[in-house]
């Protein structure tokens, strides 16, 4: 498995919309495995293909503590089952050190394809529901900072740019 490079804000590639996947083959399996490996290495619970510069509708999630429950989600879409919103405090591998409170649907019905191209359905709430909504945002070019005020957004952008400058000089 290969560790993939995670793009960080404000990289413009994070804004690119992902396209549907039509080939369910060994290459897709490898992408999913590499994404899971990368997510585990970076101590994340979810990763969208967009975050690793693959602009296809592919997400990996694992909420377990030991990496024993991976979920590969291809071509996802969801409908809101509960109009009530719940505030979720979220972080993101593409925006290190940043957290933001986000209003999310409390319960969703997810439709997606698995690695064999079979349609699957899943009802999700709590952390899984929030994670799915967060990762689908990525596939649509929407970032966690988009939920923040413009002042907070510019501050985090400035902080991350300075951090990149420091890392590039060392």
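The numbers here are math on the coordinates, done by the rules we state, and not lab data. None of these values were measured; they are calculated from a predicted model.
Let me make sure I get this right: for the range 1-63, a, b and c are the square roots of the gyration tensor eigenvalues over alpha carbons, sorted descending. Under 1.5 in a/c it's rounded, otherwise prolate if a/b > b/c, else oblate. Which is it? Oblate, since a/c reaches 1.5 and b/c is not below a/b. Under the rule a/c < 1.5 gives rounded, and otherwise a/b versus b/c splits prolate from oblate, where does the chain land using the Cα gyration tensor? Judged from the Cα gyration tensor, the chain comes out oblate (a/c at least 1.5, b/c at or above a/b).
Starting from the Cα gyration tensor of the range 41-126, take the square roots of the eigenvalues, sort them a ≥ b ≥ c, and report rounded, prolate or oblate (rounded when a/c is under 1.5, otherwise prolate if a/b is larger than b/c, else oblate). Note, shape of the range 41-126 comes out oblate. The mean of 1/r over all pairs of different alpha-carbon atoms in the range 93-170, once inverted, gives a Kirkwood hydrodynamic radius of 14.9 Å.
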